[in-house]
Every structure is written in C-alpha cells, then in structure tokens.
Amino acid sequence: MTRPEFVEVPFAVPLGTARMRLDVFLAHRLRGYSRSKVQAMIASERVRLRARSTAPRQTCVAAKPSMKVVAGDAVLIRFPWRPDPPSRHAALEVLYEDADIIAVNKPGDILSHPTDKTTKASATWILDRQFAGFKPRLIHRLDRETSGVLLFGRNPRAARLLSGQFEGREVRKEYWAIAAGRFTARRKVVDQPVGSGGHGIRVRQGVCDAGQSARTEFRLIASGKDASLVAAVPRTGRLHQIRVHLAWLGHPVVGDKLYTGDGEAYLKAWQGAVEGGARAPPAPSGKVWAAGGAICEEDLRLLGAGRQMLHAKVLELRHPSSRRRLVIEAPLPADFRACMESFGLRPRIRALIPLAAAAFLAACSPVYVVKSASGHLGFVSRARPIGRLIADPKTDVRTREKLELLAEAREFAFKEMGLKRSKDYSKVSRIKGPYVSYVVMASAKTRFKLHEWWFPFVGRVPYKGHFSREDADREALRLARKGLDVHVGGVSAYNTPLPFADPLAHTQLDNPPGELATLVIHELVHGTLFLKDQVDFNEAAATFASVAAAEDFLAARFGSGSAELSEYRASLEKDRLYASEMEKVYAELESLYAAGGLSEAEKLDRRKALLSSGRRHLSRVLGADAGELNNASILAHRLYRHDLTSFHEAHERLGRRWKVTIEFLMSLDRRRPMADLERRLAVLRAGT
C-alpha cells in the first residue's frame, strides 16, 4: 500500500463566527501560524474551501487569502503525511481496578485519548489492547506531558456517575509540580481568572480579567536553590490552570514549553512536529520528545527538563456503586524523580530513620528504632565508592575484578532492564560478620502461618530485621517463649525505600559472578517494583527477574559457553533439587496439620519424625548439614522459592524484552497482582 504524500484535515468555521478573510481566520485558528505564513501555505495550493452553500454537493474550490468565510464553511488544509507515532508502552500501570472503575498511572509522553493525528501513543488505545473485551470510557483528561492518575469507567452507568462528580467539582485532585525558582511561601492560594492569553499562540492561556474564575491552592513540599517541589490542589477546572497560576507567580513548571518565557520553545516543538514530517518517537528521560529536531540544547537548558514536570498524584472521589470514599495515588515516574534529584529536591521526612530489609522501622519500640537507625547509618557511613576502590592501587586484582563485575551488573540492570536508576550498590561497606543484618521469622507449630509485623511505608511483612545477631537471637527467644517456631536468617543485602543510597557488604564480593549479579539485580528490582502488603509477589518478581537476568548478563559478559555461566546454571540446578526436597517436607507436614482426629500433642510428636527425615534428605542434597528445620525455616525458604512459571512464560511471550517485561509487571493490579498476572497471561496466550 502506497502511503499518501499529504493528509487533508478539515477545519470547520464555528457558529457565531463573523464574516472574515480566510487568512485572518486561519492565523487565529492554527497554533503558531502568522498571517504571512498562512498566506504562503495558501499560495502553495495546500488550502481549499468548501462553502456552506455548496456543502450538500461537497464542492471545494482553491482558496485565496482574501476569500471571506462564514459560520458553517469548512477549510481543508493538506499537511505532510506522517505515520502514527508509536507508543513505547505495551501496558499501563494499574493503580486501582474493580467492576466499575479502572485507574492507571499515565506516563508523561502519551495522550489521554486518540486524536486524528495520534492514536497508538494514547492511554485509551493502550488500555483497549491491554484488557480484552474492555472498552475504555475516559472520565477526564491529562495533558500529554502530564503524568499520573487517569480514570476510566468500565460501564456506561459508572462513567456517567463519575463524570457527574467531575462536573460538580466533587472530586479532589492533587498534583505535584517541580516549579522553577525558590518557592518562599509554605502555603499559597491563587484566586485569579484564567482565559485566552494570546501572545500569538492560540492554545496559550493566561491570567486576565476577561477569563473564568480559577482558584488553586499550593503547598510547598521541598525547596532547592533553583527549583521547588509543590503540591497543587485546583478548586476549579480551567484549561492549564495549575501551569498558568504557577507561571503568573513567576515559578513556571520546569520543562513547560508553553508557559516558560514567551512560549518560543512550544512553537519550535509544535512546528517541528507538524512540518517536519514524521514525528520522532519519545526520547529517553531528560531529552525533548516532541521537538522533531526543532528544540536545541540551549532551549533544554532553559526549560530544565524534556517535558513539563507535572504529575497527577492523588484523586479522591466517591465510588459510583458503594458511594464510599476512594483515594487513588500514583507513584512518581522515573523522569520526575530524576528531575527532583537533579535539583536536590527531597520531600521532608518527619524522622530520618532508614528502613532496612523493609523492616527496621517499628511503631512500638523506641529503643528498637534507635538501634536500627544507628546500625544502618554506621553501615552507610563506612561505605566507599566502587570507582575509588577500583582505582586504589592497594586493591588486590581479584577484588578489583569483582568490583568491576558489580559495576557492570548495575549498569545492565539500569540500561538493559530499565530498572529505576539509583546510587544503590555503587558503594561497598566493610562489616564485621558474614551478614549485613539478620531477619527473624516465626510461625505457629502445628500450622503454616507466619507471624507478621506492621511497618510504615511497607505495610505488613512476615519478618523483622536486626543489625545485631544478639538482638535477633533475643527477639527469637521472646517469640519461642510464646510457643512459636522461630528462624533467624542472615541478610546479604537490602534495599531501603527512603532516599538513601544502600551499599553492598564487602563479604558479598566473595560470591561467584552469577550469585553476585543475582544479589544486586534482586535488590534493584525491589527498588523499582515493590507493592505494599504484597510480600509474595514482590519476592517472586524479584527472584524471577534477578535469576533470569543474571543468566543474560553472564552470557553477555563472559559468553554463552563460558565457565562462569555453566557454574551458575549448576548452582541453580542444585537450588532446584533442594527446593524440590523442601516442598516434599512441606507437603507431608501440611497433610499432618490438616489431619482430623489428632490432638495437638499427637501432631507435635509425629512432626518430629518428619522434620528429622527431611533434614537428612536436605543435608544429602547440600553435601552439608542443612541446619535446624521447623515451620518458620520452611516458610522462610518458600518466601523466596515460588513457582515462577507464569513469570517466565510472560517474559517469553513479551519477546524476552526486559524493559517490556518490567513495565508489564509494574502495570499489574496493585491489590491482586498474582491473579492479574494469570489473567493477563491468558490474554497474551489468546493473542498468539
């Protein structure tokens, strides 16, 4: 099929338009087109006029600048043909989903809804293919370059009721914006009318007396030397309201081409996209995606970012069926976080106490908090950058090789897998013992039920961490006195959810290449993909990704037939045999615990024999003593040894493309990720 050279786009002359010259009408109607530029376009015979009086016959005539147009006429303009821009996103992250609603985290490089020029790079188009049999009903819109919560109705009734809430201003919306300059006021209310701002750009709005009433409440979150992080709550819904009010305050949104200065960058980007033929696909974070080659480095420096740093953080509304209050929150995207970091912006945290192994911040014991904070800060303070250690002439050859391997594994995770770029494991810290910390787990004796702890930020987890082995043993003794099985395990590395760079313990450099790569990638996956109250999914996803990616890394680093890769695969096979024996012990004990007609004492007596036999078999596989075996240690092992078949199948069906697979996993239902994985996998199977 031969592609057309031009695409003809009709522009209707709206009702109420007074009789005017064609070139005047088009100069007003087209963004970024001056009257002289319109006249040049007409002279090139790219414009035709279909007058209202001839509409039934669809007769068109070649246009002249002096022709008069009236309401009902149609002006047809031929633009150079360009292909529909592709979407970089195979799926969108689902923030909330039920029978009536689906809310997604819209990236900052796609439209909310398709247009006549862009279809695939839109949230509606992507969702239509992400969920089979689902017709997305868009409830509200976000600008192309605004990321965050975007709401869809799953049926006509829900869509109607939700739209009514938006129209009635019953929905509370909170946006986060990185604003240029230092925001001095902690709180600021802007109550200024917003309307067409002129300045030669039709779509540009501004504060003007003739505009509509508009009110925005701002709250300072963090400030730096050249930018501020602010929360904005619009109480009205005017076009570009937050962006206009921030620009009026003298603090335009960083990266906002339309409202930074006189909008020259916007004109360059738009004209480059329309007249330059095919629009370039979205560029990596930090580059200008819409420029079409028209934005220069100086423009980018003045803008501060490749897109406007505006994120729809929170949406509060009433559920259309239950009428209960629903709060949907979208995590900050990677480019937004990177921009915050570049300006030194970090949200204020009430207590600078890091979480270690997702379990070092307790709400119940001040002594525990102080010890955990001290342990983590000591671990961090001793850390030295990998680069310095590699360059240090005192570093022995073997250690230098492992450090270089560590640096390459991190880069593989960031560049090839698309994991969130951070400074985690860019440093190495010396520790006294074999492990950086210790985790305590506990379970009932005659059933497989783990004891749980609750921590801020991460919710409920089935383990509690300590930097001291003595403290961990005391915790275990306390739980054992309550009649629970206990297990104390060493932690090789951990990832904290707060903005601290986590180092790697120097003892881990003794691991073989495959295990070292797996360890680092596993923890970096946690830094990118971590769902609250979903421990099983978090660990399964990180285990799958780290093991499979470590094989890819070793093959790329040493070769597909290398000894390093063969050694790693042999260790995986040994782990598989060990896991198989552990599952046999688990199944036998589960059958015993479920048996009727047995007292607790009888179950405890019979389990001794099963645990003793299981320990012997496990020791035979290991070639060494397997150590104490009880319900807690079995569950601790199973926490990291899930059935990963579905993860591997999804990866294969997505073309073994790591960035696509990671984005796919991040888009799963945050409340039921495992069930959603199976559902989405069925859709992928049906599509083959």
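The values are calculated or read from the model by the stated rules, or taken from the named source; none is laboratory data. Owing to the predicted nature of the structure, the values given are computational and were not obtained by experimental measurement. Glycine gets a Cβ as well: all are built from the backbone with ideal geometry, and neighbour counts include every protein chain shown. The area values use the complete protein model at the heavy-atom level, side chains included, leaving out ligands, DNA and RNA. Shrake-Rupley method; radii C 1.70, N 1.55, O 1.52, S 1.80 Å.
Filter the stretch 507-533 for residues that are open to solvent by 40 Å² or more (accessible area, probe 1.4 Å) and not aromatic (F, W, Y) and give the result. Of everything in the stretch 507-533, those that are open to solvent by 40 Å² or more (accessible area, probe 1.4 Å) and not aromatic (F, W, Y) turn out to be D510, P512, E515, K532, D533.
Entry remark, the stretch 71-80: residues being loosely packed, with under 15 Cβ neighbours inside 10 Å and either among the β-branched types (V, I, T) or assigned to a loop (DSSP other than H, G, I, E, B) (or both) number 1 in total.
Exactly one residue out of V194, V149, V171 is surrounded by 14 or more Cβ atoms within 10 Å (Cβ to Cβ) and farther than 22 Å from I102 by Cα: that is V194.
For the stretch 315-328, the set of residues classified as open to solvent by 40 Å² or more (accessible area, probe 1.4 Å), modelled with pLDDT of 85 or more and not in a loop (DSSP other than H, G, I, E, B) consists of E316, R318, listed by residue number.
When the stretch 597-622 is filtered for residues that are in a loop (DSSP other than H, G, I, E, B) and open to solvent by 70 Å² or more (accessible area, probe 1.4 Å), only G597 remains.
Residue pairs whose Cβ atoms lie under 7 Å apart, separated by 6 or more positions or on different chains, with the first residue in the stretch 243-269 and part of a loop (DSSP other than H, G, I, E, B) and of a type in the set (G, A, S) and the second at pLDDT below 70 and surrounded by fewer than 21 Cβ atoms within 10 Å (Cβ to Cβ), are G263/H199; G263/I201.
Between A222, A158, the distinction of being open to solvent by less than 10 Å² (accessible area, probe 1.4 Å) and in a helix (DSSP H, G or I) belongs to A158 only. Just for the stretch 225-244: of the residues that are among the basic types (K, R) and surrounded by 16 or more Cβ atoms within 10 Å (Cβ to Cβ), which one is farthest from the chain's Cα centre (by Cα)? Per the stated criteria, the residue is R238.
The single condition from (1) within 25 Å of R670 (Cα to Cα); (2) among the hydrophobic types (A, V, I, L, M, F, W, C); (3) open to solvent by less than 20 Å² (accessible area, probe 1.4 Å) that W176 fails is (3). Cβ-Cβ contacts under 6 Å between residues 6 or more apart (or on different chains), taken from a first residue in the stretch 68-83 that is farther than 7 Å from V13 by Cα and at pLDDT below 80 to a second residue that is open to solvent by less than 20 Å² (accessible area, probe 1.4 Å) and assigned to a loop (DSSP other than H, G, I, E, B), are listed as P80/G277; R82/G277.
Filtering the stretch 150-167 to residues that are farther than 19 Å from F134 by Cα and either without any contact (Cβ under 8 Å) to a residue 60 or more places away in the chain or within 27 Å of the chain's Cα centre (by Cα) (or both) leaves G164, F166, E167. Being of a type in the set (G, A, S) and in contact (Cβ under 8 Å) with a residue 40 or more places away in the chain is a property that holds for S571. So, of the residues in the stretch 191-217 that are closer than 12 Å to R243 by Cα and touching a Leu at 6+ places or on another chain (Cβ under 8 Å), which turns out to be modelled with the lowest pLDDT? The selected residue is R204. Can you go through A682, A686 and tell me which one is exposed (fewer than 15 other Cβ atoms within 10 Å of the Cβ), touching a residue at least 60 places away in the same chain (Cβ under 8 Å) and hydrophobic (A, V, I, L, M, F, W, C)? The conditions single out A686. Of all residue pairs spaced 6 or more apart or on separate chains, those with beta-carbon atoms under 8 Å, a first member in the stretch 395-413 that is in contact (Cβ under 8 Å) with a residue 24 or more places away in the chain and within 13 Å of E515 (Cα to Cα) and a second member that is open to solvent by less than 20 Å² (accessible area, probe 1.4 Å) and not in a helix (DSSP H, G or I) are L406/Y425; L406/V428; L406/L504. Within the set T496, T528, T543, the sole residue that is hydroxyl-bearing (S, T, Y), at pLDDT 85 or above and within 27 Å of A442 (Cβ to Cβ) turns out to be T543.
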